[in-house]
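Structure, as structure tokens:
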Ligand SMILES: Nc1nc2c(ncn2[C@@H]2O[C@H](COP(=O)(O)OP(=O)(O)OP(=O)(O)O)[C@@H](O)[C@H]2O)c(=O)[nH]1
Ligand SMILES: [Mg+2]
């Protein structure tokens, strides 16, 4: 019989926190590969994404989630449900706090939802972006929301605190099976990750409300014999006027988006990429169940029906 020392450990670790706290950046840093779309704008992530870290002793399955939001359309219902699922299902929760800004109303809502469902010994309060601020006052504001949670200071950007964070997670992992093959790092297909990267880069290049009017679908993802990946993607906007902005004067904007996205996808795949993008109008897509399903923003248990 195996003793506890040698037994295999595994578990699901949800990354939660308000928009822009650095959850997806942390996922990428922990996995050591860019698999989640990151941008400097809030509400980049829209659905759960796994990042799987395996050794011969344990398997940590990190679950990146969207930041909670207060909008009322079907897309937002889906997004908030994604957070709720993670809150309920995870073995351990990492609450990502953005040290560059004090805790606010969204932090209070999210920590309240968390405390309704879980005990605080299932939570690690992670102070991220410690390279930008190390103010005790800001930490205290977050700690007041989760007074009993274990805390750690990290910087996803510099890498500070990441090995220590992995140690804390390891100590709290329950015994469990190998849920995924050891060489698998996520559940998503590369074409889905490519779509997220195209959307993140589109968001970064556009201003005002436009970033939130965008959905991306990869229509075609093929690896040719010469090793080049050929991708055809569509950027959907809500109105014709927005389409003109995404294309830009003489196509300048769409070319810039295309270059940024191609570089990000090349970094992910470590292969040369040929990226062809088009822009289409899809009126009121945030409330269109069939369209939401098409772009992977609807699923079991959501209210977007
Ligand atoms: N300076 C600094 N910036 C960081 C750090 N971690 C993340 N960022 C930046 O914070 C911004 C948001 O990062 P994301 O990883 O997209 O944040 P998120 O929590 O996934 O955001 P949503 O998907 O919108 O909920 C990006 O511009 C990151 O580069 C950090 O440790 N230090
Ligand atoms: Mg994110």
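Quick note: the coordinates plus some simple rules give every number you see, no bench work behind them. Predicted, not measured: the structure shown is a model, and the values here were computed from it. Positions of Cβ are generated from backbone atoms using ideal geometry, with glycine treated the same way; all protein chains shown enter the neighbour counts.
How far is helix 162-172 tilted, in degrees, relative to the longest principal axis of the Cα atoms in the chain, given as a value from 0 to 90 rounded to the nearest 10?
60 degrees
Relative to the longest principal axis of the chain, what angle (0 to 90°, nearest 10) does the C-alpha long axis of helix 252-269 take?
It works out to around 40 degrees.
Using packing as a proxy for protection, rank 98-106, 199-207 so that the peptide with the highest average count of other Cβ atoms within 10 Å comes first. Before the final figure, lay out each step's value.
Working: 98-106: 16.9, 199-207: 21.2.
Top to bottom by mean Cβ count within 10 Å: 199-207, 98-106.
What does DSSP give for the chain in terms of the percent of beta bridges that are antiparallel, rounded to the nearest 5?
Details: 15 of 45 bridges.
Around 35 percent of the beta bridges assigned by DSSP in the chain are antiparallel ones.
Between residue 148 and residue 280, what is the label-to-label distance in nm when each label sits 7 Å out along the Cα-to-Cβ direction?
Rounded to a tenth, the inter-label distance reads 5.2 nm.
Where both partners of a DSSP beta bridge lie in the stretch 190-294, what percent of those bridges are antiparallel, to the nearest 5? Mind showing how you got there, number by number?
Details: 8 of 17 bridges.
Of those bridges, close to 45 percent are antiparallel.
Tell me the mean residue ellipticity at 222 nm calculated for the chain from its helices only (DSSP H runs of n ≥ 4, each -39500 (n - 2.57), averaged over every residue, nearest 500).
Numbers: 9 runs with 107 residues, N = 305.
Mean residue ellipticity at 222 nm (helix-derived): -11000 deg cm²/dmol.
How do the peptides 185-191, 213-219 rank, highest first, by the average count of neighbouring beta carbon atoms within 10 Å per residue? Before the final figure, lay out each step's value.
Details: 185-191: 16.3, 213-219: 19.7.
Descending mean neighbour count gives 213-219, 185-191.
Can you compute the modelled spin-label distance between residue 267 and residue 33, with each label point 7 Å from Cα toward Cβ, in nm?
Going by the 7 Å Cα→Cβ label model, 1.6 nm.
Given the peptides 228-240, 172-184, arrange them by the average over their residues of other C-beta atoms within 10 Å, most packed first. Intermediate results must be reported in sequence, preceding the final value.
Values: 228-240: 18.7, 172-184: 12.7.
Sorting 228-240, 172-184 by mean packing, highest first, produces 228-240, 172-184.
Measure nothing but the geometry: give the 0 to 90° angle between the long axis through the Cα atoms of 74-89 and the longest principal axis through the Cα atoms of the chain, rounded to 10°.
20 degrees
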